[in-house]
Amino acid sequence: YLNRQDAMESNVRSYPRKLPLAIAKANGIWVTDVEGNQYLDCLAGAGTLALGHNHPAVFEALRDVLDSGLPLHTLDITTPVKDAFTEALLGFFPENFVLQFCGPTGADGTEAAIKLAKTYTGRDNVIAFSGGYHGMTHGSLAMTGNLSAKEKVGNLMPGVQFLPYPHEYRCPLGLGGEAGVDALTYYFENFIEDVESGVVKPAAVILEAIQGEGGVVPAPAKWLQKIREVTAKHDIVLILDEVQAGFARSGKMFAFEHAGIVPDVVVMSKAVGGGLPLCVLAINKKFDAWAPAGHTGTFRGNQLAMAAGLKVLEEIRDKNLEENARVQGEFLRSEVQKLQAEFGCIGHVRGRGLMNGIEIVDERKPADHMGSYPADSELAAAIQTACFNNKLLLERGGRGGTVVRILCPITITHEECVEVVARFKQSVIDALQ
Ligand code: PMP
C-alpha cells in the first residue's frame, strides 16, 4: 500500500511520512491497519473526531439521513436537518448571534471571518499572533505564524501584523503575566493608529485561545480579557479561531470561555461536522455586514455533516463530555508530569482538557534565564517514531516540531488514558536508547 501511494500521490502529502500505515477500519480511539495491527489514535483526524472514529450515534444519524430521501447537498437552502442543527448550535451562543455556513474547511472560515471584518469596518489590516495557525490558503496562510510554510510563496494577503503570543515556558518577556497585559495595553494605546507614521487601525484581531499547531499554548485569561477590552474600545472585530480547540476539547465548549470573554466572530470547523467537512461562523449580529449573497460558496449544504454535527452537540450535552475532557485531561497531564522526574527531556507539559502538548528539550544543554532548556527537534521526532512503533498515533507541533501533541477523542476513558501514558513512556525510553 505504502509503495503504491509513493507512486500515485504528490510529494506534498504529509502524515504518511511520519505515520506510515494504511488504515482498514477504526472504532472509537482505535484504528486498525490493513495488516490487523491496532493503534491508539491520539491524532483523531487532527482534532476532528471529537467522539472518536465511527461513533454509533453518528452512524445512526447518517443512516437516518440516507434513508429519509433528503438530498445530500442543498447549497444553503434549508432542510429539517439543517434547521435542527442550526438551532442546537446557536444554543451555545448568546442570543444576539447568527450562524453563517461557509465551506467547508477551517481555512475557508478564517478567510470568511477576515473578509467580514473588512466589510464591516471598511479597514484592511489584521493583527495575528506568533505561533498562530489559521490555514494554508493565501489569506489564512498570511495570518499563520509558521514562517517556513510561507517562505516560498510571495504576495500573500498584505496588511497582517504579528504580535507575540504569551508562552509560559518560552516567552522571555513573560508576556502572559502582568507585564504582558501591560505591553498589550501600551501597544493598543500607542501604536494602533498613528496617522503621522502611517500606522493604520486594523479591521480585526484573529487568534486561537489555545494555539494548537503552534505547540499547544493556552493563552492566559487576563491577556485574553485585555484583548477583548481593547478590541471593543477601538471597534476592532475580535475573531476567535476555535477550529481545533472548540467543541469541548478544552474542557469547555469553546476555549475562549475559560477567560469569560465573548468574541465578535467564532470560526468552527473540524468537530463541527462530526468527521464530515463543514465550517460554520457564529457572528454577533452587529457585525453581520454582508450584503445578500456577499459571501457564497458551493459546499455549504452538506446534510450528512450537519446530521453528524448535531449528534456531536447532543453527545457533548448528554454525556457531559466537557467534564470528561477536563477530568481525563488533568489525569493525562499529571501522569506525564510525573514522568518529568525520570526523563529530563520532558521539558514542559501543558494544555487544557484534552488538548495537550509535551515539549521535548535537551536538558544536557544550559537552561535559559527562565529555567527552560533548548527544544530538541530530533528527539521529539524520534519519540513520535517510537510512539508509532508502540502503536500510538500522534502528531507534533510548535517551532521545529518539538511539542508532542496528544489530541485524542474527548470520549476517551480512564483506562485508555492509562494505556496512552504507558505507551508514551515506553516510547520515550525507546527513543533515548
Ligand atoms: N485554524 C486552526 C486553529 C486549525 O488548527 C486549523 C487546522 N489545523 C485550521 C484553522 C485550518 O483548517 P483546515 O485544515 O480545515 O483548512
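Bear in mind that the values in this text are calculations on the coordinates, not laboratory data. Since we're looking at a predicted model, the values are computed, not measured. Reconstructed Cβ throughout: ideal geometry from the backbone, glycine too, with neighbour counts over all protein chains shown.
Observations on the structure shown:
- Cα point-scatterer Debye curve for the chain, base-10 log of I(q)/I(0) at q = 0.06, 0.09, 0.14 Å⁻¹: -0.25, -0.57, -1.40
- When the chain is treated as a GNM with alpha-carbon contacts under 10 Å, the residue of 330, 395, 178 showing the greatest mean-square fluctuation is 178.
- Three-way shape label, the range 242-328, alpha-carbon gyration tensor, a/c 1.5: oblate
- Helical content of the chain, expressed as a calculated mean residue ellipticity at 222 nm, amounts to -11000 deg cm²/dmol (DSSP H runs of 4 or more residues, -39,500 (n - 2.57) each, divided by residue number, nearest 500).
- Of the GluC sites (Glu not before Pro) found in the range 1-95, those that fall in a DSSP loop while having at most 13 other beta-carbon atoms within 10 Å are 9, 35, 95.
- Average Cα contact separation per residue, the chain, under 8 Å, 6 or more apart, as relative contact order %: 21 percent
- Ordering of 348-356, 285-293 by burial proxy (mean other Cβ atoms within 10 Å per residue, highest first): 348-356, 285-293
- DSSP beta bridges in the range 56-318 [antiparallel fraction, %, rounded to 5]: 50 percent
- Rounded to the nearest whole Hz, the Karplus-based 3J(HN,Hα) values (6.51 cos²θ - 1.76 cosθ + 1.60, θ = phi - 60°) of the range 14-27 follow the sequence 10, 4, x, 4, 9, 10, x, 9, 10, 8, 9, 7, 7, 7, with x at glycine and proline.
- Qualifying trypsin sites (Lys or Arg not before Pro) in the range 355-410, DSSP loop, other Cβ atoms within 10 Å at most 10: 364
- Relative compactness, the range 322-371, computed as alpha-carbon Rg over 2.2 N^0.38 Å: 1.29
- For residue 392, distant residues with modelled amide H under 5 Å away: 40
- DSSP bridge orientation in the range 239-355 - percent antiparallel, rounded to nearest 5: 60 percent
- Value in Å of the Kirkwood radius, where the range 135-290 supplies the Cα pairs that are averaged: 16.7 Å
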